[in-house]
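*Asks:* Supplied in structure tokens, the structure appears directly below.
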Amino acid sequence: MTPPASGTRHVVAVLLAAAAGGYWLASGYYGKELLAETAITAILAMSLSLLVGQAGLVSLGHAAFFGIGAYALAGFGARLGWPPALAMAAAVATGAVAALLVGLVAVRLAGVFFIMITLAAGEMAHAWFLKDRLFGGVGGMAGVPRLDLSAIGIDTGDPASFALLALGVAILVYLLLDRLVLSPFGQTLRAIHQNEERARALGCPVGRYKLAAFVVAGAVAALAGTLAAQRSAFVSPELLTWTLSGEVLIVVIVGGGASLLGVSAAAALWIGLRHQLSTLTDHWMLAMGAIFVVLVLVAGDGIDGAVRGLWRRLAQRRGP
Amino acid sequence: MVIQLLNGMQLAMLLFLLSVGLSVVFGLMRFVNLAHGTLFMLGAFVGLSTVEATGSFWWALVAGTLASAIVGGLLYLGLLRRLQAESPLKQVLVTFGLIFIGLEAARIIWGDYAERLPGPALLAGSTALFGVVYPTYRLFVIGLGLAVAAMLYFGLERTRVGAIIRAGVDDRTMTAALGIDIGRVFFVVFVLGCALAGLAGVVAGPVLSVYAGMDMGVLVLSLVVVVIGGPGSLKGAFVGAILVGMVETFGQVWLPEVAGMLLYGLMAAVLALRPQGLLPAGPRP
């Protein structure tokens, strides 16, 4: 909940970007794929961080907007043949509209109800794409075009260039959301999170602020989805599953909830861990569920304090 | 038309068995057990294994119900009870983590394939009713749902335990102050809800197929039932289940393209008009 206002975050941001750049130089083909996946996950996690960390709205259906962004890009770019850049913009707008439709219902309800509605809406979106015929139903649809940057001499078809593109978008999203978090808008969200009644008594239109946060988060998640669709040139209902929503929530909790850089670093950690786990066992989701439960159990006051709580407990055990 | 009505009613009764536990637990403890669908799946799988071992659907019914009740009871004592004093949000998120664990555990134990639980021989075949021929087993599902609803209604409205539960839903602090061990009431209601989820799982086995991942679809439907029916109330769960069952069934038949949206629209409309649900329980604090 505390605003990441100190200047040191700029140093951390540069260090993170430098680490990503260094990894890009050192890694091979597979590493570039991992890097692109990390950047996409970081964007998605940062968008959820705006909801969970700033506004205190725990959404269990965030993958829906990610998937809707991906499908919208497939629709506008592949089905309608729009230029990829325009299709991407339209996909982000579609994500925002979808978030508006869900948010109009969800933000009226607090706490546990908000969780129930977002989970239900997310799964309904998932079921929708499982059944639909336009995008190939369960099997999904291939042939999603990538952004054409040949005008400035970049071939996005090359994995190395695409990883850089995804990284660049992640940095842009960070800069944008960082501004938003520190703006009066972000401060109001934190005030609502701290004490909703007080914010309301001060005359703040609480519902409208929450809805705005929900729509922005949905649009950014859709942006991440357009990158994911471009990365694999493929969309399928897998993109909207509740398991992905859960994964992103884990990333946000591990990253400290409100810290954009924290959740980005956690995204890198998570992608690395998941690839390790999935090479070891087919049943890595078991480990994931256990991690989720433990994280929630050790969390202090809000779930965004999970890692701090864990450190505190470890320190107490070691201390006198 | 009559067939679709019966189909809708059958789905509604399954949803009622599932969501009544969710709803009353929410009314008492202010939290939603997202692993409720997982217990439904557990009931179905244990029922499947029991049928394979004993050949009897009725033993499966008993075993599936007991298994879900026992696992639910252990979860409550080992995990959820400790979180009761903290925040409902944490309880809900812990049960979300349990869905992952339950899904993978089911895949490890029972594999990845969908199977159909054979129904009882006694109820095989069809019955003529209202001018149509309808599978007898599905009529049994409707009858069972109605019977459980009647029993729960009687239990809640006419017995001492029911009065204590209703008092707990209305004001748990006051109930505890009257010298009632509210923790024990929580436990009993939670386990009963889990048992009904397991029962629903076995009963659904011959109608839906049994596979790892069957839990999410029904969980979402029962969450919608709880939200639109009004949490905490038996009548709310009953009315909500019928609404959702009918909208889902007729939506799939008449407007298959937008059936998913229809359900969301129903939920949005109910919440816009009555944010507390159609038939919420008792006075709210």
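The values are calculated or read from the model by the stated rules, or taken from the named source; none is laboratory data. Given the structure is predicted, the values throughout are model-derived calculations rather than measurements. All Cβ positions, glycine included, derive from the backbone under ideal geometry; neighbour counts span all protein chains shown. SASA here: full protein model, heavy atoms, side chains in, ligands and nucleic acids out. Shrake-Rupley method; radii C 1.70, N 1.55, O 1.52, S 1.80 Å.
*Asks:* Which one of these is part of a helix (DSSP H, G or I), touching a Cys at 6+ places or on another chain (Cβ under 7 Å) and away from every other protein chain (no Cβ under 14 Å): B:G43, B:G21?
*Replies:* Checking each option against the conditions leaves just B:G21.
*Asks:* Which residues, taken from the stretch A:211-233, are of a type outside the set (S, T, Y) and in contact with a Leu (Cβ under 6 Å, 6 or more places away or on another chain)?
*Replies:* Residues of the stretch A:211-233 of a type outside the set (S, T, Y): A:211-225, A:227-231, A:233.
A:A213, A:V215, A:A217, A:A221, A:A224, A:A229, listed by residue number.
*Asks:* For the stretch B:61-162, list the helices (runs of 4 or more DSSP H) that sit wholly inside it and hold at least 2 residues that are more than 14 Å from every other protein chain (Cβ to nearest Cβ); which are they? First the steps, then the outcome.
*Replies:* Working: elements: B:81-84, B:88-110, B:136-158.
Where helices (runs of 4 or more DSSP H) fall fully within the stretch B:61-162 and carry at least 2 residues being more than 14 Å from every other protein chain (Cβ to nearest Cβ), they are B:136-158.
*Asks:* Turning to a different aspect of this structure: Hey, does the stretch A:63-71 have a residue that's farther than 30 Å from A:D148 by Cβ, within 13 Å of another protein chain (Cβ to nearest Cβ) and either open to solvent by 20 Å² or more (accessible area, probe 1.4 Å) or not aromatic (F, W, Y) (or both)?
*Replies:* Of the stretch A:63-71, the ones farther than 30 Å from A:D148 by Cβ are none.
Within the stretch A:63-71, not a single residue is farther than 30 Å from A:D148 by Cβ, within 13 Å of another protein chain (Cβ to nearest Cβ) and either open to solvent by 20 Å² or more (accessible area, probe 1.4 Å) or not aromatic (F, W, Y) (or both).
*Asks:* Do you know which residues across the stretch A:77-89 are open to solvent by 20 Å² or more (accessible area, probe 1.4 Å), among the small types (G, A, S) and assigned to a helix (DSSP H, G or I)?
*Replies:* Matches in the stretch A:77-89: A:A78, A:A85, A:A89.
*Asks:* Filter the stretch A:97-124 for residues that are within 9 Å of another protein chain (Cβ to nearest Cβ) and assigned to a loop (DSSP other than H, G, I, E, B) and give the result.
*Replies:* A:R108, A:L109
*Asks:* Name every residue in the stretch B:204-231 that is in a helix (DSSP H, G or I), of a type outside the set (A, V, I, L, M, F, W, C) and crowded, with 24+ Cβ neighbours inside 10 Å, in order of residue number.
*Replies:* Those that are in a helix (DSSP H, G or I), of a type outside the set (A, V, I, L, M, F, W, C) and crowded, with 24+ Cβ neighbours inside 10 Å: B:D215, B:S222, B:G229.
*Asks:* Every residue in the stretch A:293-311 that is within 22 Å of the chain's Cα centre (by Cα) and modelled with pLDDT under 85, please.
*Replies:* Correct list: A:L295, A:V296, A:A299, A:G302, A:I303, A:D304, A:G305, A:A306, A:V307, A:R308.
Yes/no matrix, rows are residues, columns are (1) part of a helix (DSSP H, G or I); (2) in contact (Cβ under 8 Å) with a residue 60 or more places away in the chain; (3) buried (at least 24 other Cβ atoms within 10 Å of the Cβ):
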site	(1), (2), (3)
A:A221	yes, yes, yes
A:T226	yes, yes, yes
A:Q230	yes, yes, yes
A:G246	yes, yes, no
A:T279	yes, no, no
A:M288	yes, no, no
A:I291	yes, no, no
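*Asks:* Identify the single condition in (1) open to solvent by 10 Å² or more (accessible area, probe 1.4 Å); (2) over 30 Å from B:T249 (Cβ atoms) that B:L61 does not satisfy, given that it satisfies every other one.
*Replies:* Of everything listed in (1) open to solvent by 10 Å² or more (accessible area, probe 1.4 Å); (2) over 30 Å from B:T249 (Cβ atoms), B:L61 misses just condition (2).
*Asks:* Spot the failing condition for B:A177; the list is (1) without any contact (Cβ under 8 Å) to a residue 24 or more places away in the chain; (2) open to solvent by less than 40 Å² (accessible area, probe 1.4 Å), and only one is missed.
*Replies:* It fails just one condition, (2).
*Asks:* Report, ordered by the first and then the second residue, all pairs with beta carbons closer than 7 Å, sequence separation of six or more or different chains, a first member in the stretch A:251-264 that is at positive phi and outside any helix (DSSP H, G or I), and a second member that is open to solvent by 10 Å² or more (accessible area, probe 1.4 Å) and not aliphatic (A, V, I, L, M).
*Replies:* These pairs meet every condition: A:G256/A:G262; A:G256/A:D304; A:G257/A:G302; A:G257/A:D304.
*Asks:* Starting from the stretch A:69-83, take each residue that is of a type in the set (D, E, K, R) and list its partners that are in a loop (DSSP other than H, G, I, E, B), counting only C-beta distances under 9 angstrom and pairs at least six apart or across chains.
*Replies:* A:R79/A:L134; A:R79/A:F135
*Asks:* Being among the hydroxyl-bearing types (S, T, Y) and either under 21 Å from B:V51 (Cα atoms) or open to solvent by 20 Å² or more (accessible area, probe 1.4 Å) (or both) is the filter here; which residues of the stretch B:93-137 pass it?
*Replies:* Step one: list which residues in the stretch B:93-137 are among the hydroxyl-bearing types (S, T, Y), which gives B:95, B:113, B:126-127, B:134, B:136-137.
Answer for the stretch B:93-137, where residues must be among the hydroxyl-bearing types (S, T, Y) and either under 21 Å from B:V51 (Cα atoms) or open to solvent by 20 Å² or more (accessible area, probe 1.4 Å) (or both): B:Y113, B:S126, B:T127, B:T136, B:Y137.
*Asks:* Which residues, counting only those in the stretch B:41-58, are among the aromatic types (F, W, Y) and buried (at least 21 other Cβ atoms within 10 Å of the Cβ)?
*Replies:* Passing the criteria: B:F45, B:F57.
*Asks:* Of all residues in the stretch B:26-40, which are in a helix (DSSP H, G or I) and either within 10 Å of B:I99 (Cα to Cα) or open to solvent by 10 Å² or more (accessible area, probe 1.4 Å) (or both)?
*Replies:* B:F26, B:H36, B:G37, B:T38, B:L39, listed by residue number.
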